[in-house]
Amino acid sequence: MVADGAMAQRLLGWLVPDGDSLVTLSVAEVERFCWYELPRKWHADTSEQRRAVAVLADLLTGVGRVRAAAVCASGTTSQVLAAWQRSEEAGFAAYRKAVAASPTTPPDVPELSWGQFMGVREAQARANLEGRLERALDEGELDPDARTFPAARRRFVQQWLTTEQPGFEGRAPLEAVRRERRELWAVAPPTERRALLAAVLPALEEPAVAPVDTAEPLRWLLEQIGDGVTLTQAGYLPREVVAAAFARYPLWYPIGKGPRSEADLFQLADLHELARIHRLVTKRHRTLKLSPAGRALLTDHQRRQYTAALAWLGTTAAERQVAESALGALWAEPRLREDLRDDVHPVLAAGFTHGDGSAMEVKDTERLLWRFWHTGRELGYLDERDRSVDASISLSATGRSAALAALRVLAEGPRDRV
């Protein structure tokens, strides 16, 4: 067993290599050491790990860092270290769970979800917030045992993020993080992607304005469902809703006397599916009605635009890559379908392969573009003069606003990969 003095020196060399006092360590840094660095990066067996956290607790207590010392002696630390002994997978899971439960961890808030991979500004903002939360706990500004603590901590984080803070060049941290994320997103490879996005980048740098009331077809459908409609035996929307959709959007079914059911009107069926996927509706037996989220979306066009933007982008990484590239191309000028495919395919081919390692083919790009085109038309975001293969595709008036909203989702969202 390593002697306490030697262990203390090893700990100090690791945690404060520049010779600073342990007083400068935040609780978050102690947590990262105990729950990740010690079991993951130190060459130490179980008994030496236990000795390390015991010695560290004594060191921290000696400089008055009671809250940080408590981390070392906690049951959580014992559980996390034991999980790492079982397997790397169990260790990572226990580490993430412990961090999420720590009162000094800044939670995700509507304005900002923290990324798995962070730029310099985002890492700085998170570290500063960890320290500020710790001080608020020490000074009694926040009480971790109070029932209202989660909500109070979220309000605390929101206020700090949106208020100008030292070290962020005269900006609020939220603004600095979003700007950094946009910059990193804009320069991501491949070269073909950067070329397609070049035209829209200046618009993304402009301050975000209040969103216009986009996604009118989605709003209309939610209004039709309202307090409830009775689905058919087959689970389709009732015929009166289908008839109302045909009357309002005649181009959805330009042939014959009109659709007989939702099965004949795929645009309506897809909007219905969008509402289900995003839990805007609830179904009990054959009654379909708006969920609380659907009611909120009906009265809040900002939420409605955000939800519609997510639907337009798709759910998989490949769908989103194709969608963002297509939006960049269409922002610059209308495109023929073939030209849009030829512009977007090199981006997809450079970034993705099939599960078996084979290259993406043009038909894969066509399939993904069809989903993007199809959803955009249903939401009223894309204009086409006709439906022929050589028709020109352009962004509608609401489509340009929705395109900016969709690209902001991608550019300013959390990064889950470098």
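Taking (1) part of a loop (DSSP other than H, G, I, E, B); (2) among the small types (Gly, Ala, Ser); (3) open to solvent by less than 40 Å² (accessible area, probe 1.4 Å) in turn, Gly357 satisfies each apart from (3). For the range 197-215, the candidate set comprises residues that are open to solvent by less than 50 Å² (accessible area, probe 1.4 Å) and at pLDDT below 85; within that set, the residue that is nearest to Leu184 (Cα to Cα) is Pro211. For Thr76, state whether it is open to solvent by 60 Å² or more (accessible area, probe 1.4 Å), over 16 Å from Glu134 (Cβ atoms), in a helix (DSSP H, G or I) and β-branched (Val, Ile, Thr). For Thr76, the condition - open to solvent by 60 Å² or more (accessible area, probe 1.4 Å), over 16 Å from Glu134 (Cβ atoms), in a helix (DSSP H, G or I) and β-branched (Val, Ile, Thr) - is not met. Taken residue by residue, the range 135-153 has at least one member that is among the small types (Gly, Ala, Ser), over 17 Å from Arg408 (Cβ atoms), open to solvent by 40 Å² or more (accessible area, probe 1.4 Å) and free of Cβ contacts under 8 Å to residues at least 40 places away in the same chain. For the range 9-26, the condition holds for no residue, the condition being that it is among the small types (Gly, Ala, Ser), modelled with pLDDT of 95 or more, within 30 Å of Ala125 (Cβ to Cβ) and within 35 Å of the chain's Cα centre (by Cα). For beta carbons closer than 7 Å, sequence separation of 6+ or different chains, a first residue in the range 389-409 that is in contact (Cβ under 8 Å) with a residue 60 or more places away in the chain and under 9 Å from Leu336 (Cα atoms) and a second that is open to solvent by 50 Å² or more (accessible area, probe 1.4 Å) and in a helix (DSSP H, G or I), the qualifying pairs are Ile393/Arg337. Of the numbered criteria (1) open to solvent by less than 50 Å² (accessible area, probe 1.4 Å); (2) more than 27 Å from Gly413 (Cα to Cα), the one Glu88 fails is (1). Where helices (runs of 4 or more DSSP H) fall wholly inside the range 86-187, no range has 1 or more residues that are at positive phi. If the condition is being touching a helix residue (DSSP H, G or I) at 6+ places or on another chain (Cβ under 9 Å), among the aliphatic types (A, V, I, L, M) and assigned to a helix (DSSP H, G or I), then the range 214-248 contributes Leu218, Leu221, Leu222, Ile225, Val241, Val242, Ala244, Ala245. Within the range 35-73, the set of residues being open to solvent by 60 Å² or more (accessible area, probe 1.4 Å) and under 31 Å from the mean Cα position of the chain (by Cα) comprises Arg40, Lys41.
The values are calculated or read from the model by the stated rules, or taken from the named source; none is laboratory data. None of the values given here were measured: they were computed from a predicted structure. Virtual Cβ from ideal backbone geometry, glycine too; neighbours counted across all protein chains shown. Areas reflect the complete protein model, heavy atoms only, side chains present, ligands, DNA and RNA absent. Shrake-Rupley method; radii C 1.70, N 1.55, O 1.52, S 1.80 Å.
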